[in-house]
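The next block holds one structure in the form of structure tokens; read it before the comments.
Nothing in this text is a laboratory measurement; each read-out follows from the coordinates by a stated rule. Since we're looking at a predicted model, the values are computed, not measured. All Cβ positions, glycine included, derive from the backbone under ideal geometry; neighbour counts span all protein chains shown.
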Amino acid sequence: MIANNGGDLVALALREHSVTQIFTLCGGHISPILTGCEKVGISVYDVRKEDTAVFAADANFRFTGIPGIAAVTAGPGLTNTLTALKNAQMAHSPLLLFSGAAATILKGRGSLQDIDQIRIVKPFTKAQFRVTRTKDIVGTISEAFFVSQSGVPGPVFIELPIDLLYPENIVREWYLKDSKNAKSITSKVFNWYLRNHLNKMYVNTNYKPDIDVLPIEYKVASRSDVQKSQELINAANKPVLIIGSQIINNRNLVNQIKDLVEELGIPVYLSGSARGILGREHPLQFRHKRSKALREADLILLLGVPMDFRLNYGRSLNRKSPLIIVNLSRDDLNLNNNFKKPTLKILADPASYLKQISKKPTKEYVEWVEKLQANEKERIQQIEGFADISYNKTNPIRLFMELETLLPEQTIFVGDGGDFLATGSYILKPRLPRGWIDPGVFGTLGGGAGFALAAQICNPEKKVVILYGDGASGYSLIEYDSFVRHNLPILGIVGNDAGWTQIERDQIEILESDVGTVLNHSAYEKVSIALGGEGELISSDEDLVQLSKYIANSKPRLLNVILAKTEFRKGSISM
């Protein structure tokens, strides 16, 4: 295709970088990008909130290994994305966020929605580009793809003024519509200035450009670090491996991770987007009593996992055991080293490192594995005890145990909530690589709809299930409209205990007040129905017999499950 405008150039560059879909909320500033994508066969998925588009772009990378694309209009369209943009940054998710902007000639003159967008997004992005000539559009996009994936992956921002995107003849008409009537010297000089400005904008524009796709290299560990790692592994009798979300960043190795872990033979705990890479059941994978294992381990390997609050800032680790940290981020390598000093700090791609050390001879850890299995069994029995308690509403533990049994192997779990999601994570077993997605370390609420949207688009043959806290659901239930319009049979499950329970539980006990934490047992299922989907109410354990029927949905569906308050996660507040 020969481009007719700047928006077409954007679309051609995206297609050359293997982009197959773009997420957006329309706006006059960016219309040429959307129509350009339509021309070249890139699917355009429009949503109801700009942050949903960015959450979807984030998830697009997590499911495909290709940076996701979001496009929003200028001003408030951009500022509405900031939480999702920061979430992607902290989750190390590469994406490109395009925003429209005021016309180049009007920048800083009080034009509609004209703000300093670069300054706003700078803290949340790896790089920011403001394009002012059409000939720079394609090269800027190629550079943005490279930057977003190199080193520590993350989001990149590209600002494209409205006059750069629309057809040249139309823009010239906008600028010069009064030029024929110019009579005064001042008017003639101003028209000369406008023509000169336009000529600079469109200088050397190539509407059938060559597009460079820059190769991405994944940093590997040095021979010395690999050798030292192997020496520590060979000396250990009770090693523990913890793998985090960075393990999926290397698109060349993501499908080999299971084999590499098996070759290494070390018991493993998975976190974040790594959950599911070993399948539903694996003899080396453990899910419970992780802190106890870390206190008893004689070697700990953290691959793509920082020593943050999730590891009690390093204080959960055996202080006497050697520690190997492998991370793409230098900041994460050095985080909280005062609590637990690493033996080896390796700035490298975790998947590449795993491949480097997995080829070495390994030994079996039979007694250690048996001890971890005993810990696992003990915790499972405790959880089953909570499931046996009867309430006048639905027992959340029992709900999740039923879902674990009924949901198919080809299921992707999307998490959006606090207490309800955390409860489910103890029981539900991710089945697939990239089979679990949640916000990550930022703890963001509201990402569920965008994550699910991309999950279903990228995996049309799989079942996508959103686990919504009733509080969190309020951020994005309107996107059931998007699910319906785009024919995405996503199943949402709202854990409705009429409160912000993760906060409420400790607030009442410590501060003796529930102020600000109380919600209603609202009829959330009716939101889906009103927007063209399906909805069902589950109000007690007796209603769970209907679950198998409800999860066999071919249209978007929302289950509103009225939950009993339990003590299952008492004292779980994080700081």
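Tabulated data
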read-out: About the Cα centre, charge dipole magnitude for region 223-369 (Lys/Arg +1, Asp/Glu -1 at Cβ), debye; value: 360
read-out: Region 388-466 - Rg over Rh from alpha carbon coordinates, Kirkwood radius; value: 0.99
read-out: Dipole of the chain [Lys/Arg +1, Asp/Glu -1 at C-beta], most positive-end residue of Leu96, His521, Val203; value: Val203
read-out: Top positive-direction residue, dipole computed over the chain with Cβ charges, set Thr132, Phe286, Thr64; value: Thr132
read-out: Longest to shortest principal axis, alpha-carbon extents of region 223-369, angstrom; value: 35, 34, 30
read-out: Within straight-line cross-link reach of Lys208, lysines at Cα separation under 24 Å, skipping those fewer than 8 residues along the same chain; value: Lys39, Lys135, Lys200
read-out: Dipole magnitude of region 6-201 about its Cα centre (Cβ charges: Lys, Arg +1; Asp, Glu -1), debye to nearest 20; value: 620
read-out: Greater than 24 Å apart at Cα, pairs in Lys49/Lys565; Lys86/Lys463; Lys429/Lys549; value: Lys49/Lys565; Lys86/Lys463
read-out: Label selected from (i) 0.99; (ii) 1.06; (iii) 1.20, the criterion being Cα Rg over 2.2 N^0.38 Å as computed here; value: (ii)
read-out: Packing rank of 58-71, 262-275, 510-523, where each peptide gets the mean count of other beta carbons within 10 Å, highest leading; value: 58-71, 262-275, 510-523
read-out: Set of lysines near Lys228 by C-alpha distance (under 25 Å), chain-local residues within fewer than 8 positions excluded; value: Lys219, Lys238, Lys258, Lys320, Lys340, Lys341, Lys345, Lys355, Lys359, Lys360, Lys363
read-out: Förster-model FRET efficiency, 30 Å R0, Ser390 and Lys526, C-beta, rounded to 0.05; value: 0.60
read-out: Cα-projected label distance for Glu409 with Asn234, points at 7 Å along beta-carbon direction, nm; value: 3.9
read-out: Cα-projected label distance for Thr79 with Asn375, points at 7 Å along beta-carbon direction, nm; value: 4.8
read-out: Options Thr35, Ile170, Phe55, ranked by Cα towards positive dipole end of the chain, top entry (Cβ charges); value: Ile170
read-out: Rounded to the nearest 20 debye, dipole of the chain from Cβ charges on Lys, Arg, Asp, Glu; value: 1760
read-out: Centre separation in Å (Cα based) which lies between region 513-575 and region 475-503; value: 9
read-out: For region 6-201, average projected area of the Cα convex hull in nm²; value: 10.7
read-out: Partners for Lys292 among aspartates and glutamates (Cα-Cα distance below 12 Å; same-chain residues under 8 apart left out); value: Glu376
